[in-house]
Amino acid sequence: MDLSRLLPAANEAALTDRLRAVVDPEIGVNIVDLGLVYAFGVRAGVAQVLMTTTTPACPIGSFLEDHVRWALLDAPGVVDVEVRVTHEPPWSPDRMTPAARRALGLPA
């Protein structure tokens, strides 16, 4: 029996705000504004996040995955979180928002 219809609907804007609370500790900017989140959504109560790291050999990849899970797991409408890390396409500073660029002292 599919009980997911009994869950409250997940709010995409609220989930984005929760993801903005996840900060790359090496850079000091959140993962959304850095452009590390390629896609996310919620299906049948499972938040699914496709993300990357700034480099394939990034030493904090698993740290970021854990923090994404923790940020989303208690959100209304979310009962589980699946995080998938990819490096295709590779991350580039071009993915950063103007706010992230300003925070890093780069031209927006």
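Every number here is computed from the coordinates shown, using simple stated rules; none is lab data. Values in this document were obtained by computation on a predicted structure and should not be read as measured data. Note: ideal-geometry Cβ built from the backbone for every residue, glycine included; neighbour counts use all protein chains shown.
Listing for the model above:
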| item | result |
| --- | --- |
| FRET efficiency for Glu82 and Glu26, using Cβ-Cβ distance with R0 set to 22 Å, rounded to 0.05 | 0.35 |
| GNM flexibility winner over the chain from Glu26, Glu82, Glu65 (Cα, springs under 10 Å) | Glu26 |
| The chain, helix-only ellipticity at 222 nm - DSSP H runs n ≥ 4, -39,500 (n - 2.57), divided by all residues, nearest 500 | -8000 deg cm²/dmol |
| Extreme residue, positive dipole direction of the chain, given options Val83, Ala100, Thr52 (C-beta unit charges) | Ala100 |
| Contour excess over end-to-end distance, with Cα ends at Arg102 and Gln48 and 0.36 nm allotted per residue | 16.5 nm |
| The chain - Debye-derived log10 I(q)/I(0), Cα point model, q = 0.17 Å⁻¹ | -0.77 |
| Residues whose placed amide H lies under 5 Å from that of Glu82, excluding near-sequence neighbours | Ala47, Gln48, Val49 |
| Test item: Cα-centred dipole of the chain, Lys/Arg +1 and Asp/Glu -1 on Cβ, debye | 220 |
| Residues Met96, Met51 arranged by fewest to most Cβ contacts within 10 Å | Met96, Met51 |
| Relative contact order for the chain, counting Cα pairs under 8 Å that sit 6 or more residues apart, in percent | 30 |
